[in-house]
Amino acid sequence: MSTDNDPGHGNSPAAWTAVVIMLVAFAIGTLAFWFVIPWLVFASAGLVVVGLIVGQVLRKLGYGVGGDKLTVEPHN
């Protein structure tokens, strides 16, 4: 199996940061929904959008897959 054309499967600081932000947002939103705190549910939905924006900004800055600031190490 050749790894020459492997896109990295989103294994980059930009992807990890976006996913962590969105996971925290979903966790907060779930708890807020469970405890019936509507404003916090909507705030967590906004935090999901922030996670998407942060991921895109980091990708544009070179921290995404194939970015110039990302050093790829081979897997063993």
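Packing-wise, with mean Cβ within 10 Å as the measure, how do 65-71, 21-27 rank, highest first? Numbers along the way, then the final one.
On the way: 65-71: 12.4, 21-27: 15.6.
So the peptides 65-71, 21-27, ranked by packing, come out 21-27, 65-71.
Extension gain for L23-V54 works out to 9.8 nm (0.36 nm per residue, less the C-alpha to C-alpha distance). Estimated at the nearest 10 Å², the accessible area of V36 is 110 Å² with a 1.4 Å probe.
The values are calculated or read from the model by the stated rules, or taken from the named source; none is laboratory data. This is a predicted model, so every value here is computed, not measured. Every residue, glycine among them, receives a Cβ derived from its backbone with ideal geometry; neighbour counts consider all protein chains shown. Side chains are part of the model used for accessible areas, which takes the heavy atoms of the whole protein and leaves out ligands, DNA and RNA. Shrake-Rupley method; radii C 1.70, N 1.55, O 1.52, S 1.80 Å.
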